[in-house]
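Here is the structure we will look at.
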Amino acid sequence: MALLAVDLGTTGVRALILELDGRQLANEEFEVPVVPRPGNIAEQRVESFWTGMVTVVNRALESAGITADAIEAVGFSHQRC
């Protein structure tokens, strides 16, 4: 069994898979692009966060050599204004 942690950060998404004893099995990251707009404004597309989350979770599962049914618990971290 393993634990999955997903962090939706300001500029990227990260997935970490740990054994129940704390040993790290995988750590994957996906950069979320910033889209510059006129008037010195920057935006990010919400779809990029979804794509990033799906990508890093799949990569982490593959890196760890496990399937999703081996995940016992999932934790999410996300901060937006």
Here's a check for you: in the range 1-19, which residue that is farther than 12 Å from residue 52 by Cα and modelled with pLDDT of 95 or more is surrounded by the fewest Cβ atoms within 10 Å (Cβ to Cβ)? 19
Just one of 46, 35 is open to solvent by 100 Å² or more (accessible area, probe 1.4 Å), aliphatic (A, V, I, L, M) and modelled with pLDDT under 95; which is it? 46
Going through 72, 29, 62 one at a time, which residue ends up being at pLDDT 95 or above, among the charged types (D, E, K, R) and over 17 Å from residue 1 (Cα atoms)? 29
Restrict the check to the range 62-80 and report whether at least one residue is more than 20 Å from residue 21 (Cβ to Cβ), surrounded by 13 or more Cβ atoms within 10 Å (Cβ to Cβ) and among the polar types (S, T, N, Q). no
When the range 11-70 is checked residue by residue, the ones that are within 12 Å of the chain's Cα centre (by Cα), of a type in the set (A, V, I, L, M) and not in a strand (DSSP E or B) are 32, 53, 54, 56, 57, 60, 61
Tally the residues that are under 19 Å from residue 66 (Cβ atoms) and not in a loop (DSSP other than H, G, I, E, B), restricting the search to the range 1-10. 5
Which pairs have Cβ atoms under 9 Å, sit 6 or more apart or on different chains, and link a residue in the range 60-81 that is in contact (Cβ under 8 Å) with a residue 60 or more places away in the chain and of a type in the set (A, V, I, L, M) to one that is in a loop (DSSP other than H, G, I, E, B) and loosely packed, with under 11 Cβ neighbours inside 10 Å? 70/1; 71/1; 73/1
Does residue 54 satisfy being β-branched (Val, Ile, Thr), open to solvent by 50 Å² or more (accessible area, probe 1.4 Å) and in contact (Cβ under 8 Å) with a residue 40 or more places away in the chain? no
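The values are calculated or read from the model by the stated rules, or taken from the named source; none is laboratory data. As the structure is a computational prediction, the values presented were derived from the model and not from experiment. Neighbour counts run over all protein chains shown; Cβ positions are idealised from the backbone, glycine included. We work out accessible area using only protein heavy atoms, side chains counted, and drop any ligands, DNA or RNA first. Shrake-Rupley method; radii C 1.70, N 1.55, O 1.52, S 1.80 Å.
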